[in-house]
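> Submitted below is the structure of interest, expressed as C-alpha cells.
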Amino acid sequence: MRTANATPIPALLAMMALGLLDSRSSYAGEKSWQDQTVLVSPEGGQTVVRSFDGARVLFKNADPKRAMEWGMGNARNTIILAGKYVAPDVIRIPRDDVTLVIDQNVDISLNPETDHTPITPGFRGRDGKRYPTTAVIYVKGRSHVRVICLGALRGGTFPVAFDGRNDKNELGIEGGLLLLAGSANDSC
C-alpha cells in the first residue's frame with residue numbers, strides 16, 4: 001500500500017511511530033518534514049533522488065551509494081524505496097542529524113566483485129592482530145543519526161556499524177538510533 005505520492009506506508013508509519021516526523025515546525029521558518037525528506041529509487045540503470053512529492057528529480061547516478069549519500073547529505077530524512085541496490089563500497093552517513101529509512105522490499109548489498117573500504121579499528125583477534133571488517137552502512141562520529149531498516153542489508157561483516165569516535169579517535173557522539181526490523185546479518 002502506498003500514499004498518493006508513492007511513498008510507502010511502512011516507512012512513514014515507522015518514522016511517525018518513532019516521533020521522527022512532526023507536522024509542526026519546532027523553530028520559526030523551519031521547513032516542514034516533507035520539505036526535508038527525499039525519496040531514493042531505482043529507475044532504469046540509475047538511482048534517482050526525488051523530492052518527497054516525487055515531482056522533482058534532485059540527483060541521479062548509476063552508483064546507488066552516491067545517490068543515497070547525496071540524499072542524506074542534502075535532506076534530513078532519506079527514504080530508500082523498493083528495489084535492489086548493489087553498492088560498490090560502504091555507504092557512509094555524511095553528517096549529523098540524519099534519518100535513513102530503508103523500506104520493505106529493499107535489498108541493499110555490497111558488490112562482491114569490488115574492494116570495500118575496511119572500517120577501523122576492525123576486530124582484534126586472540127593473537128593480538130587486527131583483522132579488517134566492513135559494513136553495508138557505516139556511521140562514524142555522527143550524532144543523532146537514525147537508521148530504520150525494514151528491508152534487507154547483505155554483505156560486509158556488519159549490516160550497520162556505529163562508531164562513536166570522532167576524528168581525534170575520542171568518544172563523543174550524542175545519541176542515535178538503530179532499528180532493524182527487516183533482515184540483516186546476525187550482528188551490528
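Nothing in this text is a laboratory measurement; each read-out follows from the coordinates by a stated rule. Quick caveat: nothing in here was measured; it's all calculated off a predicted structure. We place every Cβ from the backbone using ideal geometry, glycine too, and count neighbours over all the protein chains shown.
> Normalised by the number of residues in region 122-166, what is the relative contact order in percent for Cα pairs under 8 Å and 6+ residues apart?
43
> Now, a different point. With just the Cα atoms defining each centre, how far is region 122-161 from region 54-87? Give it in Å.
20
> Contour minus end-to-end for His144 and Asn105, with contour as 0.36 nm per residue of separation and end-to-end as the Cα-Cα distance?
11.5 nm
> Can you count the Lys pairs in region 42-185 with C-alpha separation below 18 Å, eight or more apart or on different chains?
4
> Another question about this same structure. If we sort 97-108, 37-48 on the protection proxy, mean other Cβ atoms within 10 Å, highest first, what's the order?
97-108, 37-48
> Same structure, new question: Given the Cα-Cα distance of Lys129 and Arg95 and 0.36 nm per residue of separation, how much length would full extension add, in nm?
9.1 nm
> Exactly which trypsin sites (Lys or Arg not before Pro) in region 44-100 are in a DSSP loop and have at most 15 other Cβ atoms within 10 Å?
Answer by residue number: Arg56, Arg95.
> Give me D for region 72-188 in µm² s⁻¹, whole number, from Stokes-Einstein with Rh from the Kirkwood sum over alpha-carbon pairs, 25 °C and 0.890 mPa s.
167
> Just to be sure I understand: of the beta bridges DSSP finds with both ends in region 55-135, what percent are antiparallel, rounded to 5?
25
> Then there's this: Check the straight Cα-Cα distances from Lys31 and name the lysines below 23 Å, setting aside those fewer than 8 residues away within the same chain.
none
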